[in-house]
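Notes follow the structure.
The values are calculated or read from the model by the stated rules, or taken from the named source; none is laboratory data. The structure displayed is predicted, hence computed values, not measured ones. For neighbour counting, all protein chains shown are included, and Cβ atoms are generated from backbone atoms with ideal geometry for every residue, glycine included. Note: areas computed on protein heavy atoms with side chains; ligands, DNA, RNA excluded. Shrake-Rupley method; radii C 1.70, N 1.55, O 1.52, S 1.80 Å.
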Amino acid sequence: MEHMDHLEHLDKHLVEELAQVARETVRDELREQTRRQRRTAMLYAASGAVALYAGGALALALGLGLAAGLPGWAAALITAAILGVIAYLLRGAAHPKHPHAAAVGEAAVPPGTPYPPMPSEAPSGRTSIPRARTTGLEPAQGATGAAPASG
């Protein structure tokens, strides 16, 4: 029996050692991935900063060009208006107002609606919309048919 206890101790030791090696391997791999992603993020940030300065220099050049024939305040106002229009157009390009165009004659269905909307008129070839089956229970006198308020 002592021999089995010794093997059990070796099994536990082997499992602990394998778990330690696996942890170190994963840690090293994550460290390497983080290093690469950090470098990529720094390059994107530097690119954005340089693009911001380039845009500022372009706006300054536009303003100075307009100031050659206009008063300085008018040139600055026109430059600001042009930049505002560009910003508005870029915002609109990022968030389209109507991502799904509705068919002609149909109402647009808001996202998240669990069922399609009821048609405003009967389908062609029919004179009325068929009634649903009744359960035999009639509403109480004075009932409005409105759903009970929750809460």
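Of note:
- When the stretch 45-58 is filtered for residues that are over 30 Å from residue 77 (Cβ atoms) and modelled with pLDDT under 90, nothing remains.
- Residue within the stretch 33-50 that is within 30 Å of residue 87 (Cβ to Cβ), assigned to a helix (DSSP H, G or I) and in contact with a Ser or Thr (Cβ under 7 Å, 6 or more places away or on another chain) present: no
So that you can scan it fast, the table gives a plain yes or no per residue for (1) open to solvent by 70 Å² or more (accessible area, probe 1.4 Å); (2) among the charged types (D, E, K, R); (3) modelled with pLDDT of 90 or more:
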residue	(1), (2), (3)
9	yes, no, no
15	yes, no, no
23	yes, yes, yes
60	yes, no, yes
68	yes, no, yes
87	no, no, no
104	yes, no, no
111	yes, no, no
119	yes, no, no
